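Peer 1: Just dropping this structure here.
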Amino acid sequence: MKKVLVLTAALMAVVMSAKAEVEFAYEAGAEIVSSYIWRGMYNGGLSFQPEGLVGFNALDEAIQFRAGVWASLGASDWKFKTDGVKLGDEFNPNTHFMPEVDFIASLTAYGASVGFNEYYYCDDGSTHNSEIWFGYNFGHFFGEYAGAYFNWYTVVAGADKVLDTDIKDLIHGQYEKQAFSTYIELGYDYTIENLGLTLGFNMGMSPWASPLYGNDKFAVVNLALKINKEWEFDAVTLDLFATGSLNPDGMITDKNDPEYNVFVDAAGDAKLYNQKLNGTIGLGIWF
């Protein structure tokens with residue numbers, strides 16, 4: 001993580017010292033989504049998701065830096081379930097309002113990116129995960145309206161833990177160690193310029209055992225399709241999109257377990273958080 005931060009600082013220093021015009025930049029807006037889907041996983045029902053970023057552009061936007069906050073505010077499901085929660089009961093995400101606030105930063109240079117995400121979950125324990133990532137967008141060289149991309153994300157600190165079978169804490173039992181859950185994403189986006197329409201496909205893989213993605217070895221955990229339509233006005237862009245995701249690893253692992261069926265019709269049921277077929281539609285406004 002220190003190496004990533006040092007590299008980011010070095011690149012920023014080079015940009016600021018270069019004889020190139022540096023322009024202030026910002027991104028602000030929000031989306032309303034029917035379901036909060038994160039890397040193919042269901043994280044909640046109807047949600048409001050605002051975002052605000054500031055930074056700079058340099059060398060005709062070939063180099064960009066952004067830092068800011070993203071949040072998801074909404075009920076954990078769309079059933080508005082009010083019963084089933086009593087004093088003394090364990091925390092049940094299906095019946096609680098649980099906002100999420102993320103602090104994000106990224107630096108992009110000629111298609112290559114490096115970044116940091118801090119996921120903060122406002123549950124009873126105020127848990128968090130710290131993640132570093134890097135990637136490359138081949139669209140930088142192959143055209144503005146078509147591009148393949150690659151991203152690598154690894155959690156380096158926080159609640160992403162597994163039991164260490166080699167080390168035992170004599171007082172507290174088993175000792176937990178960082179799982180370093182990793183998500184590798186390969187994708188391709190194609191934009192039909194005259195229609196303002198973008199079609200996208202991505203595949204997400206977890207290369208080793210992860211409590212975050214639910215696999216015990218290398219697995220493809222997400223196959224996703226997305227369609228996106230934009231309308232650009234003078235100072236505002238409207239964004240209408242739909243996404244569908246399938247977890248192939250879950251289909252294989254749990255195919256004989258009725259508790260993890262692909263098609264779930266009981267909103268608010270715990271199965272909803274473990275289903276392998278998810279989707280969402282959303283509307284965004286950006287300034």
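Peer 1: Looking only at the range 110-149, which residues are modelled with pLDDT under 85, touching an Asp or Glu at 6+ places or on another chain (Cβ under 6 Å) and in a strand (DSSP E or B)?
Peer 2: 121
Peer 1: Follow-up. Of the residues 32, 63, 37, only one is modelled with pLDDT of 85 or more and over 22 Å from the mean Cα position of the chain (by Cα); which?
Peer 2: 63 is the lone residue from the list that is modelled with pLDDT of 85 or more and over 22 Å from the mean Cα position of the chain (by Cα).
Peer 1: Looking for whichever is more than 25 Å from residue 238 (Cβ to Cβ), at pLDDT 55 or above and not in a strand (DSSP E or B) here; the options are 9, 13, 20. Which one fits?
Peer 2: 20
Peer 1: Let me ask you something else. Filter the range 243-272 for residues that are at pLDDT 65 or above and surrounded by fewer than 18 Cβ atoms within 10 Å (Cβ to Cβ); which is farthest from residue 220 (Cα to Cα)?
Peer 2: 244
Peer 1: Looking at the structure I just gave you, is residue 189 at pLDDT below 95 and buried (at least 18 other Cβ atoms within 10 Å of the Cβ)?
Peer 2: Yes.
Peer 1: Additional query: Looking only at the range 218-241, filter to residues that are in a strand (DSSP E or B) and among the aromatic types (Phe, Trp, Tyr); which one of those is surrounded by the most Cβ atoms within 10 Å (Cβ to Cβ)?
Peer 2: 241
Peer 1: Name, by its number, the condition in (1) modelled with pLDDT under 95; (2) over 20 Å from residue 40 (Cβ atoms); (3) among the aliphatic types (A, V, I, L, M) that does not hold for residue 240.
Peer 2: (1)
Peer 1: If you don't mind, another one. Does residue 212 meet the test of being under 30 Å from residue 54 (Cβ atoms) and modelled with pLDDT of 95 or more?
Peer 2: no
Peer 1: Taking the range 37-77 as the search range and keeping residues that are part of a loop (DSSP other than H, G, I, E, B) and touching a residue at least 40 places away in the same chain (Cβ under 8 Å), which one is farthest from residue 212 (Cα to Cα)?
Peer 2: 59
Peer 1: Take the conditions over 18 Å from residue 212 (Cβ atoms), aliphatic (A, V, I, L, M) and modelled with pLDDT under 65 and apply them to residue 107. Does it pass?
Peer 2: no
Peer 1: State yes or no: is residue 215 within 15 Å of residue 244 (Cα to Cα), surrounded by 14 or more Cβ atoms within 10 Å (Cβ to Cβ) and not basic (Lys, Arg)?
Peer 2: Here the answer is no, as residue 215 does not meet what is asked.
The values are calculated or read from the model by the stated rules, or taken from the named source; none is laboratory data. Not measured: the values here are computed from a predicted model. Using ideal geometry, Cβ is built from the backbone for each residue, glycine included, and neighbour counts are taken over all protein chains shown.
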